[in-house]
Amino acid sequence: MAHDTVLILDFGAQYSQLIARRVRELGVYSEVVPYDISLPELESRRPKALILSGGPASVYAEGAPQAEPGLFDLGVPILGICYGLQAMSRTLGGQVAPAAKREYGRADVHVDEAGGLFEGIGRSGEALPCWMSHGDKVIRLPEGFTVLAHTGNAEVAAAGDLRRKLFGVQFHPEVIHTPWGKDFLANFVLRVAGARPDWSMEGFVEEAVQAIRRQVGGARALCGLSGGIDSAVAAVLTHRAIGDKLTCVFVDHGLLRKGEAQQVVATFRDTFGMRLIHVDASRRFLRQLRGVTDPERKRRIIGEEFIRTFEAEAEQAGGFELLVQGTIYPDVIESGTKTAATIKTHHNVGGLPADMRFGLVEPLRMLFKDEVRLLAAELGLPRNSVTRHPFPGPGLAIRILGPVTKAKLETVREADAIVVEEVTAAGLYERIWQCFAVLTGSRSVGVMGDERSYLYTVAVRAVVSDDAMTADWARLPAEVLDTIARRIVNEVKGVGRIVYDITAKPPATIEWE
Ligand code: XMP
């Protein structure tokens, strides 16, 4: 089924994905495309509306991305956000100039024209809090445009050509710091553009099942499970489509959290009745990691060993033409659009070898992480696997400073379980991005009974974050920290001191290695 679609033209903003997510939260399908997508290609997508994203450049800078004039003759409603407004103004004959004062952060936007995009949000003359982030501003609007709102610093905070349904805003309606931003986008997408809100995870399941069946036909597919939610959801969805034609391989590197491997096996084999090959490769991984201290070397070894183990199993099981992967939309956008800066290299399960002979089934390619979580619930995955904190691919190996040993793995796994248990008991687990224990390499002196002890220090880390790019340490109540510390020292052998990590990211990272 063709969904009404809003296309986000990406001019290089860090917020382009967020705009698409917000539109999807309104129930309308949305995708991010490069700003210079050709007009015929754009038209072939039959968008109900276009949103021009923000961008890092000044519209007059050399090589700055420009808005193609033909966009504005398509008869499709357009909203330009920040740079999008400036690019639209420039192309249509307005003028943009550096603002005397750059405006970053909170500002008050004064509504000049109520109704329309401000319908139900603010009356004329009312001041509304919003989020701004710009150095340039529009100083002369193109013909046909009127000012809809201003701030103390920007004469044009919102403007529109009502006849052609072309609009632009200097503020960012997509960020949570513009509290009415979602209503504003809803006015544009649902009222002005009249897009039909028919995008839901319930509907997605049926469409995806049909699409997977068409792609797979009579072939057989293999899926590598990592314990993470993306590969789990991709596997369950594919299983719903093709049943026993799917085989899953769970490479258990022995570096997972307490109870995690058992849960993967129970969920897939028992709950969903899927064909699952559980490879207990923990000894192999430990052997490869012996004596290794450098974190990047740990990562490389684990990544390589993972692929090798997976390939050996695939070979042995034999006869597969297709590989199922849990690639999600942010991976696709980050590796695909020209303008977005490359943030990190992605290595999905098995950072696949170039000479791979498999075709790929990637049923989550167009989904955001929060949609994957909704889908997981829709498919009946256990709640705790849906809400579980993110966990790095190299697992506990990068939460042990220095060489990884079986004994240290046991220690950090037990300590980690206590952190999670106590944060959960305090009702804080779902408000926290990640919480865990790190086995530092340092030992310190203590007294236990009447004896001098010389035991390991465990660092407890708990952070709040929206996307792991930045994070702050979680203000866990002192009583929770106290219980965690007492329990770890009492229950986990070899640990004599607990410290709480109170560094934000940046400058620290979330993980210690
Ligand atoms: P950092 O430590 O860079 O972590 O602030 C940001 C997020 O990424 C996770 N992380 C990893 N995930 N392989 C992964 O799959 C890795 O090597 C890796 N290193 C860090 C980390 O847990 C956090 O969520």
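Read-outs throughout are calculated quantities, based only on the coordinates presented, and are distinct from any laboratory measurement. In this text the structure is predicted, and so the values were computed from the model without any measurement. Cβ placement follows ideal geometry from the backbone for every residue including glycine, while neighbour counts extend to all protein chains displayed.
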Which values, in whole Å and largest first, are the semi-axes of the equivalent ellipsoid of the stretch 94-151 obtained as the square root of 5 times each eigenvalue of the Cα gyration tensor?
21, 17, 7
Output the Kirkwood hydrodynamic radius of the chain, Cα pairs only, in Å rounded to one decimal.
25.5
For the stretch 24-123: relative contact order, % (alpha-carbon pairs under 8 angstrom, 6 or more apart):
22
Starting from the stretch 284-325, pick out the trypsin sites (Lys or Arg not before Pro) whose DSSP state is loop and whose Cβ has at most 15 other Cβ atoms within 10 Å.
Arg290
Report, for the chain, the % of DSSP beta bridges that are antiparallel, rounded to 5.
45
Expected 222 nm ellipticity per residue - DSSP helices of 4 or more, -39500 (n - 2.57), all of the chain, to 500:
-9000 deg cm²/dmol
I'd like the projected area of the stretch 409-513, averaged over all directions, using the convex hull of its alpha carbons. Report it in nm² with one decimal.
6.7
For Leu162, other-chain or 5+-apart residues with amide H closer than 5 Å (H placed, Pro excluded) are Thr146
So how much slack lies between Glu421 and Ala317, counting 0.36 nm per residue of separation and subtracting their Cα-Cα distance, in nm?
33.6 nm
Working only with C-alpha atoms, what are the Rg and Dmax values of the stretch 395-451, expressed in angstrom?
13.8, 41
FRET efficiency estimate (nearest 0.05) - Cβ-Cβ, Ala508 to Ser58, R0 22 angstrom:
0.10
Which value, in Å to one decimal place, does the Kirkwood hydrodynamic radius take for the stretch 1-125 when every pair of different Cα atoms is included?
15.8
In percent, what relative contact order does the chain have, based on Cα pairs under 8 Å that are 6 or more apart in sequence?
10
Would you list, by chain and number, the lysines whose Cα falls below 26 Å from the Cα of Lys369, excluding same-chain residues fewer than 8 positions away?
Lys48, Lys182, Lys258, Lys338, Lys344, Lys505
So for each of 21-28, 420-427, 80-87, 207-214 I average, over its residues, the number of other beta carbons within 10 Å; can you give me the resulting order with the highest mean first?
80-87, 21-28, 420-427, 207-214
Coarse-grained scattering of the stretch 261-328 at q = 0.12, 0.14, 0.26 Å⁻¹, given as base-10 log I(q)/I(0) from a Debye sum over alpha-carbon atoms
-0.44, -0.60, -1.20
So the angle from the long Cα axis of helix 478-491 to the longest Cα principal axis of the chain, reported in degrees to the nearest 10, equals 30
Throw me the Rg/Rh for the stretch 354-439, computed over C-alpha atoms with Kirkwood Rh, two decimals.
1.08
Against the rule of thumb 2.2 N^0.38 Å, how large the Cα Rg of the stretch 116-254 comes out:
1.65
Sorted from largest to smallest, which semi-axis lengths in Å does the alpha carbon gyration tensor of the stretch 227-287 give for its equivalent ellipsoid, taking the root of 5 times each eigenvalue?
22, 11, 10
Along the Cα→Cβ direction, 7 angstrom out, place labels at Leu162 and Glu410. What is the inter-label distance in nm?
7.5
State to the nearest 20 debye the size of the charge dipole of the stretch 119-223 about its Cα centre, where the only charges are +1 on K and R beta carbons and -1 on D and E beta carbons.
320
